[in-house]
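Data first, discussion second: the structure below is written as structure tokens.
The values are calculated or read from the model by the stated rules, or taken from the named source; none is laboratory data. Remember, it's a predicted structure, so these values are computed and weren't measured experimentally. Cβ coordinates were reconstructed from backbone atoms using ideal geometry, including for glycine residues, and neighbour counts include every protein chain displayed. Surface areas here come from the heavy atoms of the whole protein model, side chains and all, with no ligands, DNA or RNA. Shrake-Rupley method; radii C 1.70, N 1.55, O 1.52, S 1.80 Å.
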Amino acid sequence: QQQVKQSPQSLIVQKGGIPIINCAYENTAFDYFPWYQQFPGKGPALLIAIRPDVSEKKEGRFTISFNKSAKQFSLHIMDSQPGDSATYFCAATPRSGTYKYIFGTGTRLKVLA
Amino acid sequence: KAGVTQTPRYLIKTRGQQVTLSCSPISGHRSVSWYQQTPGQGLQFLFEYFSETQRNKGNFPGRFSGRQFSNSRSEMNVSTLELGDSALYLCASSLLPEGVSPLHFGNGTRLTVT
């Protein structure tokens, strides 16, 4: 019940394409869902986050879609660029309490020029 | 403002040895968390400290321990190293004591156990 399942494991798209990464959870106590971006040799950096009271959030070219009833959320990258090539992690945590984030296993994205 | 600083960046140790990793959080951040990152497993939560107290612990054996100092700096220790402990160890700090505040990660310490 503590897992966050992420798919696909890897993804290759052409420049300008819209890669979509999906995550699913079971624990209904989760109510904060961030996405992190990690480049080689660097730590993960917060990209965008959503709470379950909204179904969609956009920040620049990045959009999170959230389906509370299905307990699923996804990241869409509009007009993807080679610089977006990185590993993306979804995560979930309860809003209150300690910072015990549960991370997905990551998606390695490659955007071809 | 300086980010989360982890030292050292790389470590090579022999099985059976112990190791100490250090983390300096962002100034003003009092919560420090540690994660283990391995290929295929993603990030696994180790433990979290706030005001020198361990508030939560992940499912790791007792060989993994940590502490936090009064200046919020944190260390984690792994004793009796095993080959499977080879991983990237990430430290993250957060501003607020509870509720939701973004995790800010350091660039990690890459531990290799031979």
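Electrostatic bookkeeping for residue A:48 treats Lys and Arg as +1 and Asp and Glu as -1; over the other residues with beta carbon under 9 Å from its beta carbon, the sum is +1. Other residues whose C-beta falls under 13 angstrom from the C-beta of residue B:110 contribute a net charge of +2, scoring Lys and Arg +1 and Asp and Glu -1. Extent along the principal axes, Cα only, for the protein assembly as shown: 48, 37, 37 Å, with the longest axis given first. The residues packed around residue B:10, meaning those with a beta-carbon under 15 Å from its beta-carbon, carry a net charge of +3 if Lys and Arg are +1 and Asp and Glu are -1.
Which whole-number value in Å² is the accessible area per residue of the stretch B:54-98, probe 1.4 Å?
Solvent-accessible surface per residue comes out at 46 Å².
The antiparallel fraction among DSSP beta bridges confined to the stretch B:54-114 stands at about 100%.
Put a plus charge on the Cβ of each Lys and Arg, a minus charge on the Cβ of each Asp and Glu, and nothing anywhere else: the dipole of the stretch B:13-83 about its Cα centre is then about 60 debye. Straight-line cross-link reach from residue A:68 at under 16 Å between alpha-carbon atoms covers these aspartates and glutamates, not counting any fewer than eight positions away in the same chain: A:26, A:31, A:53, A:56. Across chain A, Cα pairs under 8 Å and at least six residues apart give a relative contact order of 37 percent.
In the protein assembly as shown, the DSSP beta bridges split such that about 90 percent are antiparallel, to the nearest 5.
Rounded to the nearest 5, what is the percent of antiparallel bridges among the DSSP beta bridges in chain A?
In chain A, DSSP labels about 85 percent of beta bridges as antiparallel.
Mean separation of Cα pairs under 8 Å and 6 or more residues apart, divided by the residue count, gives chain B a relative contact order of 36 percent.
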